[in-house]
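Down below is the structure, laid out as structure tokens.
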Amino acid sequence: GAPGAMAAAGPWPELEAALRERRRELSLAGAAVAERVAAGGGRLPEALLALPLLQSLELSGCAALRELGPGVAAALPALHTLVLSRNALGPAGLGAGLGGPLPALRLLDLSGNGLEALPAALGGTGDGTGDAAPAFPQLRSLNLSANRLRELGPGLARAAPQLQELLLAGNRLRALPGGLLPPAGPPAPFPLLSRLDAADNEVAELGADIAALPALKSLDVGNNQLRELPAALADCPRLKEANFRGNQLRDKRLEKMVNGCQTKAILEYLRAGGRGKGKADSAREEVRKKKREKQQKKDSGEGEQDEVEEVSKLLVKIVHVSENPAPLVVKVSPGVKDVRAFIVCCVLKGVNLKPGNALKRFLTMQTKLHEDICEKRTVATIATHDLQLVKAPLTYDVQPPDELKIMPLGRKEIKAKDLLRQLQLEAEEQRKQKKRQNVSGLHKYLQLLDGKDNYPCLVDAEGAVISFPPITNSEKTKIRKETRDLFLEVTSDTSLQICKDVMDTLILKIAELNRSALENKEGSGSDMELDAVCGPGNLNLPLVVEQVRVVDTDGNLKVLYPSKTDLATVSSLLTVIR
């Protein structure tokens, strides 16, 4: 374009810096970016085409962005990650940019764009025949969730033959797999597709050809309009996790199983042809027989070990940032490195604190971890928040002691300086009462901030301090009996690894508490019946851990938790579904 056109859109310091520093990653977001995109006519700046080294590009949450502009694919041959979520890109606006092949692309996120059809490059038009080389030969993950897609064509299987996960939640799809599978004939489509998520659509028909996906491990068709499930699901050789909840299944027994049983039991029921009382009776008989065998084994003292192994496994499912429509991000300002440099966070969903003294046990557990693994809070500190009360995005920042204000748990709003003085006085009082020479170990952590010009704090989108480590967190995000979803934070001035180790242990402890809370609930008759159908494994609904990114002020990734290597220390007690 003419130099004038670029100038009108204003300068792009991020792109100039990326060029100068030969950056491999670039993340553009926020109001300033949106304004410049709008000024440039809803297009990306041409300067982007001069960054051939880019491997990862993210441009999200920009309602003004309507087209990628031609030649993006050709200009960015090394791109392996392209995140374009929550913009206003239509198929035409994407078409020109994705016109050429992206040979290295592994992750493409087009979620939340209001797409009504796929761009041509993803097989959106035409019959999908033709022998052209695939446009995305390396693509592993494609996120099309939260769009307005009504159907998918067979062209996708040719455009992205190596696809492993396809995320379609929150669209308007009527049938699955629908037109996704090309007419029969080799090669088999999607040989590696292991995760298919089509929750929250309008799917009224789940076809038997779903069994033609040889690698399918996880299928989510929750909250759709299915009246029945095809027996062919039982022929999916690898299917391990399936969610069918929130449909109106005609077979009431199946409906019940869908809400309470593990996938294996549901598939066995479908394999046996569903309906019919005889089936359930034989299932009950089977359960009784197993119990008898277990009892005999127990009496003879063998098999006890297996029993313990079986029961003590707790399930935790990890939701990756790429599959999360609104992942939480924590920005870290540079000042923290002199005060308390390390922070690790994640989101934990599906906690049950309602029964009996579950909340009390939860708080006791946290105190115990502070005592033991956190060495009386001196090496690390945990803060747990009610996710619903956390207003993202969050910033881990520093503030001077007489400016930092917080409403500590169970106290009135107070300046950090005064709070610390109060706590130190209380500790000193206790020391005198107990006639000790030094302040007790319990209060050692109060000295960690001595002589610091700035104090660390986690600040929410409204500017409120929700956590002041290692001292306290805020009444604002306090956990209650009704809390279901948690935001967990571990900070340390010692090391990043200690944060991760503490977080691993915290998740394990919460999973243990969660299961004992479930087991202690008084069972009602209907649950007993469910046990008979599924076997008593239905307590094991997994806790869900959502990855949280910690980034620096430029948006560069510092920490992602849990990453592939995290939770390994507790893996003997936790089954992690990744």
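Brief remarks follow.
- Residues satisfying the stated conditions in the stretch 344-371, i.e. surrounded by fewer than 18 Cβ atoms within 10 Å (Cβ to Cβ) and in a loop (DSSP other than H, G, I, E, B): 350, 352, 354, 355, 356, 357
- Within the stretch 143-168, residues that are part of a loop (DSSP other than H, G, I, E, B) reach partners that are of a type in the set (Asp, Glu) with beta carbons closer than 8 Å, at six or more positions or on different chains, in the pairs 145/197; 147/116; 148/116; 149/116; 150/116; 153/127; 154/127; 168/197.
- When residue 427 is tested against the conditions (1) within 21 Å of residue 409 (Cα to Cα); (2) within 36 Å of the chain's Cα centre (by Cα); (3) of a type outside the set (D, E, K, R), the lone failure is (2).
- Checking each residue in the stretch 377-411 for being among the basic types (Lys, Arg) and over 18 Å from residue 344 (Cβ atoms) picks out 391, 405, 411.
- For the stretch 367-382, a residue qualifies if it is among the charged types (D, E, K, R) and more than 14 Å from residue 472 (Cα to Cα), and the qualifying residues are 368, 371, 372, 375.
- Selected residue (criterion: least open to solvent (accessible area, probe 1.4 Å)) from residues of the stretch 437-450 that are assigned to a loop (DSSP other than H, G, I, E, B) and not small (Gly, Ala, Ser): 439
- Where a residue in the stretch 186-199 is under 26 Å from residue 223 (Cα atoms) and its partner, wherever it lies, is open to solvent by 40 Å² or more (accessible area, probe 1.4 Å) and basic (Lys, Arg), with Cβ under 7 Å and at least six apart: 194/217; 195/217
Here's the yes/no breakdown for (1) over 30 Å from residue 24 (Cα atoms); (2) at pLDDT 90 or above; (3) open to solvent by less than 60 Å² (accessible area, probe 1.4 Å):
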residue	(1), (2), (3)
526	yes, no, yes
530	yes, no, yes
534	yes, no, yes
548	no, yes, yes
552	no, yes, yes
558	no, yes, no
563	no, yes, yes
573	yes, no, no
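- Those strands (runs of 3 or more DSSP E) of the stretch 190-301 that lie entirely within it include none in which at least 2 residues are modelled with pLDDT under 90 and in contact with a Leu (Cβ under 6 Å, 6 or more places away or on another chain).
- Sole exception among (1) under 30 Å from residue 511 (Cα atoms); (2) of a type in the set (S, T, N, Q); (3) open to solvent by 20 Å² or more (accessible area, probe 1.4 Å); (4) not in a loop (DSSP other than H, G, I, E, B) for residue 494, by number: (4)
- Where strands (runs of 3 or more DSSP E) fall entirely within the stretch 18-102, those with at least 2 residues that are among the β-branched types (Val, Ile, Thr) and open to solvent by 20 Å² or more (accessible area, probe 1.4 Å) are at 81-83.
- Residue list for the stretch 466-491, restricted to those being open to solvent by 10 Å² or more (accessible area, probe 1.4 Å) and assigned to a strand (DSSP E or B): 472, 473, 485
- Residue count for the stretch 547-578 satisfying the condition of being over 19 Å from residue 497 (Cα atoms) and of a type in the set (D, E, K, R): 2.
- Filter result for the condition that a residue is more than 30 Å from residue 546 (Cβ to Cβ), in contact with a helix residue (DSSP H, G or I) (Cβ under 9 Å, 6 or more places away or on another chain) and open to solvent by less than 50 Å² (accessible area, probe 1.4 Å), over 400, 456: 400
- Qualifying residue in the stretch 445-464 (condition: under 25 Å from the mean Cα position of the chain (by Cα), hydroxyl-bearing (Ser, Thr, Tyr) and at pLDDT 90 or above): no
- Residue 434 vs. criteria crowded, with 19+ Cβ neighbours inside 10 Å and charged (D, E, K, R): no
- Subset of the stretch 499-524 (residues that are touching a residue at least 60 places away in the same chain (Cβ under 8 Å), over 20 Å from residue 317 (Cα atoms) and surrounded by fewer than 20 Cβ atoms within 10 Å (Cβ to Cβ)): 520, 521
- The requirement of being buried (at least 21 other Cβ atoms within 10 Å of the Cβ) and closer than 20 Å to residue 322 by Cβ is not satisfied by residue 176.
- Qualifying residue in the stretch 328-343 (condition: at negative phi, assigned to a loop (DSSP other than H, G, I, E, B) and small (Gly, Ala, Ser)): yes
- Only listed residue being of a type in the set (Val, Ile, Thr) and modelled with pLDDT of 90 or more, chosen from 311, 321: 321
- Hits in the stretch 395-430 (condition: of a type in the set (A, V, I, L, M, F, W, C) and assigned to a helix (DSSP H, G or I)): 416, 419, 420, 423, 425, 427
The values are calculated or read from the model by the stated rules, or taken from the named source; none is laboratory data. Model, not experiment: these values are computed from the prediction. Cβ sites come from the backbone with ideal geometry, for glycine too, and all protein chains shown count toward neighbours. Just so you know, the surface numbers come from the protein's heavy atoms only, side chains and all, with ligands and any DNA or RNA stripped out. Shrake-Rupley method; radii C 1.70, N 1.55, O 1.52, S 1.80 Å.
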